């Protein structure tokens, strides 16, 4: 997962500490969110988006899952 939290936080001149206090988490949580190392709950994602005047989908970018092979191309092993 990638995020644009740092970009949006900079737009509103907010520090990591400011954002953490506003949404009720530790600064380290904000660091991990910005690095894409922490998947927030829906509630936290909502609170962060609201604090940064953005939409959840503006802040959080989920990588597409790898495409699965079509069923016709799969090999089926039967014991």
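The values are calculated or read from the model by the stated rules, or taken from the named source; none is laboratory data. Given the structure is predicted, the values throughout are model-derived calculations rather than measurements. Quick reminder, even Gly has a Cβ in these numbers, built from the backbone with ideal geometry, and neighbours come from all protein chains shown.
Summed over the range 1-46, residues that are surrounded by 13 or more Cβ atoms within 10 Å (Cβ to Cβ), out of contact with any strand residue (DSSP E or B) (no Cβ under 7 Å at 6 or more places or on another chain) and part of a helix (DSSP H, G or I) total 20. Tallying residues that are in contact with a helix residue (DSSP H, G or I) (Cβ under 9 Å, 6 or more places away or on another chain) and without any contact (Cβ under 8 Å) to a residue 24 or more places away in the chain within the range 8-34 yields 13. Return the residues of the range 47-65 that are part of a strand (DSSP E or B) and either surrounded by 13 or more Cβ atoms within 10 Å (Cβ to Cβ) or modelled with pLDDT of 95 or more (or both); say none if nothing qualifies. Correct list: 60 only.
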